[in-house]
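Scroll down for the structure; my scribbles are underneath it.
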Amino acid sequence: MLMLMKRLIRYTLLLGLTAAAGCEDYLEQAVDQRTQLDTVEKVGELLVTAYPQADYATFTEARSDLAYDKGPIQNVIADERNEDPYYFKDVQNKAQGSPDFYWNAAYAAIAAANHAQEAIAQAPNPNEFNAQRGEALVARAYAHFMLVSLFSKVYNPATAATDPGIPYVTAPERVVMGQYERKTVAYVYEQIEKDLTEGIPLLQNSSYRVPKYHFNMAAAHAFASRFYLFKQDYQKVIEHANQAFPGGNIGPNLRPWVSVYSKLTANEGLAIYTQATANANLLLVETPSVWARNYARYRYGLATPLVNYLFRSPNVTGATWVQPLYTQGNDHWLILKFREHFVRTDVNADIGFPYTVFPLFTAEEVLFNRAEAYLALGNLEGARADLNLYASARIADYDPAQHAITNTKLRSFYRTGNMQQALLQTLLDFKAAEFVHEGMRWFDILRHKLPVYHPTATGELLELRPDDPRRVFQIPQEATLAGIALNPR
C-alpha cells in the first residue's frame, strides 16, 4: 500500500484541492519522467488509488444515534475525532478519521481518476483502455458522491438546484491553488449520473487481479442503487439492485451469520468479515485508520443501552439477532468486524502505519436499497419479502411461520396502522443493527430527516434537529484558498 501511495505521488501533479504551493514550470511536466502512463497495466495500477483511502465511520458513527456517552470509565479512549461529532461540533483534528482527512483523500482519489482519464485520452489506442476508463469514471463518481453526501445538504428535489454542492473536478489540476466553485447539489448529481451511466457498461471484472478492491460490476450496480435511492429515482434503484446479482437473487450472497459467522472463534470472526472472498463484500478499501484498534473503546460509541435495543431485545420478528456480542471490558461493546493491518515503513523497522479494511458496498445494502425502493413505489409485499429474507439470515432456527413480519406484528411493535410507515421503520431498524460500527446509519438519518439525541454523562441531552446546519460537515478551512465557501453555522 505504501508503494502504491508513492506511485500516486509520482503520477499526480497535485493531490486534491488543498495542495501545497509549487512553481508552474514544475507543474507543466510529469513529476517523474521515468514513469509514464502508457500501458493498460500502469493505468490500472494508478486506479488502485482512485478510491478514497480514508474512513468516514469515525465521525459519522459518533454523530449518529448509534453512539452513546459511556462516561470516563476504565480504558476509555478520549479523542476529539470521536468527541466533537458526538457533541455536534466541527471536528478540529485533521488526522485520519476526521472530515478534513476524508475530504483530502476523496479529492486525491479524484485526481488519480482524472490522470487516468487524461492518459487514456492521449493513448494512441484508447479503445484498449475501455475497462480502465470505465473504472475511472465510476470511481470519480463515487468520490464526488461521498463528498456531496457529507459536505452538502442531502439531495432534495425541491431545493437541490439552489443548495451549494461541492466542486466536481473532471481534469487534472495544473495551476497552483486553482480556483473552484461549488455550484449546486443538482449539478453534482447530474455529473455523478453522467459518469456512472457512461462508466458502468465499460467495466470488465477480468481486468482486475482482485476485483473486490475495484469497481467490479456488482459493486458498480450497488453504488448505482445507492445513488438513485438518494436521488429518489426508485425504479432505477430496483433495476440496479437486480443487476448486482444474477436474476436479482441476493439471498445466497448475504453474510451467513447463522450458519457460519456465529460459530466462529473471535479471531476467526475478525479475519472473515472483510475478506475479499466473502460473497457479501462487493467493494473493499484499505485505509490508513486506527478505527480497528479503537472503535470498541471510544468514549462515544456502542454502549449497553444501544446493545440492549439493537441486539438483546426482540425486534419486530419476535426474535433477536444472532450476531455474537463481545466486550473489551466495562462498557466497550463491539461486533467483530475490523482487524488492524500494520504496515511497516521498512521491513526492518518496528514503526509504521495502522490500516483498516472497510466494506464500502455489501449485498445487505443492495437488499435494503431494493426493499426501500419497493416501499416508496407502494410495493409493500416486495419490501416485506426482502425484509423477511434478511431476517432469515440473522435469526437462529428461523421459521417463517413464527418469525415472518406480519401486519399484526407491525401494528403491535410500532403502534401504527400505517403498514408502509411500519415497514420503513422495520427496514431502518434492521439497517441500524446490520451496519453498526460502519458509519452507514448517518446517511439514513440525513435522508429520512431523523432527529438525533445524545445524552451525556453529566445529564445533558443534546439534540440535532432535521434542519440543523450542523448535519452538514464543515469543509476544510484550507479549501477557502481555492475559493470554496464554508458551510453556514
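General remarks:
- For region 39-73, the set of residues classified as basic (K, R) and under 26 Å from L461 (Cβ atoms) consists of R63, K70, listed by residue number.
- Close Cβ contacts (under 8 Å, 6 or more residues apart or on different chains) running from residues in region 465-476 that are among the basic types (K, R) to residues that are open to solvent by less than 30 Å² (accessible area, probe 1.4 Å) comprise R470/F88; R470/L464; R471/I445; R471/L446; R471/L464.
For every residue, the table says whether it meets (1) in a helix (DSSP H, G or I); (2) open to solvent by less than 30 Å² (accessible area, probe 1.4 Å); (3) in contact with a Phe, Trp or Tyr (Cβ under 9 Å, 6 or more places away or on another chain).
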| residue | (1), (2), (3) |
| --- | --- |
| V154 | no, no, yes |
| I166 | no, yes, yes |
| A186 | yes, yes, yes |
| E193 | yes, no, yes |
| T197 | yes, no, no |
| F223 | yes, yes, yes |
| K236 | yes, no, yes |
| G247 | yes, no, no |
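- Meets criteria (out of contact with any strand residue (DSSP E or B) (no Cβ under 6 Å at 6 or more places or on another chain) and not in a helix (DSSP H, G or I)) for N130: no
- Whenever a residue of region 91-117 is under 22 Å from V169 (Cα atoms), its partners that are assigned to a helix (DSSP H, G or I) and at pLDDT below 95, lying with C-beta atoms within less than 6 angstrom and at least six residues away or across chains, give the pairs A112/L8; H115/Y11.
- 1 or more residues within 18 Å of A143 (Cα to Cα), at pLDDT 95 or above and open to solvent by less than 30 Å² (accessible area, probe 1.4 Å): qualifying helices (runs of 4 or more DSSP H) within region 1-104: 40-47, 57-63
Condition check ((1) out of contact with any strand residue (DSSP E or B) (no Cβ under 9 Å at 6 or more places or on another chain); (2) crowded, with 17+ Cβ neighbours inside 10 Å) across all residues:
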position	(1), (2)
K263	yes, no
G329	yes, no
L334	no, yes
K337	no, yes
V343	no, no
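- Filter result for T362 (among the β-branched types (V, I, T), out of contact with any Ser or Thr (no Cβ under 9 Å at 6 or more places or on another chain) and under 22 Å from E438 (Cβ atoms)): yes
- Exactly one residue out of T458, T480 is in contact with a Leu (Cβ under 8 Å, 6 or more places away or on another chain) and either over 30 Å from L254 (Cα atoms) or in a loop (DSSP other than H, G, I, E, B) (or both): that is T480.
- Residues in region 265-290 that are open to solvent by 20 Å² or more (accessible area, probe 1.4 Å) and either over 21 Å from W321 (Cα atoms) or outside any loop (DSSP other than H, G, I, E, B) (or both): A266, N267, E268, L270, A271, I272, Q275, A276, T277, E286, V290.
- Only residues that are closer than 20 Å to Q425 by Cα and touching a strand residue (DSSP E or B) at 6+ places or on another chain (Cβ under 6 Å) were counted across region 455-468, and they come to 1.
- Out of V307, V322, sole residue that is over 22 Å from the mean Cα position of the chain (by Cα) and either at pLDDT below 95 or open to solvent by 20 Å² or more (accessible area, probe 1.4 Å) (or both): V322
The values are calculated or read from the model by the stated rules, or taken from the named source; none is laboratory data. What you see is a predicted model; the values in this text were computed from it and never measured. Note that we place each Cβ from the backbone using ideal geometry, even for glycine, and neighbour counts take in every protein chain shown. Note: accessible area is taken over every heavy atom of the protein model, side chains too, but ligands, DNA and RNA are not part of it. Shrake-Rupley method; radii C 1.70, N 1.55, O 1.52, S 1.80 Å.
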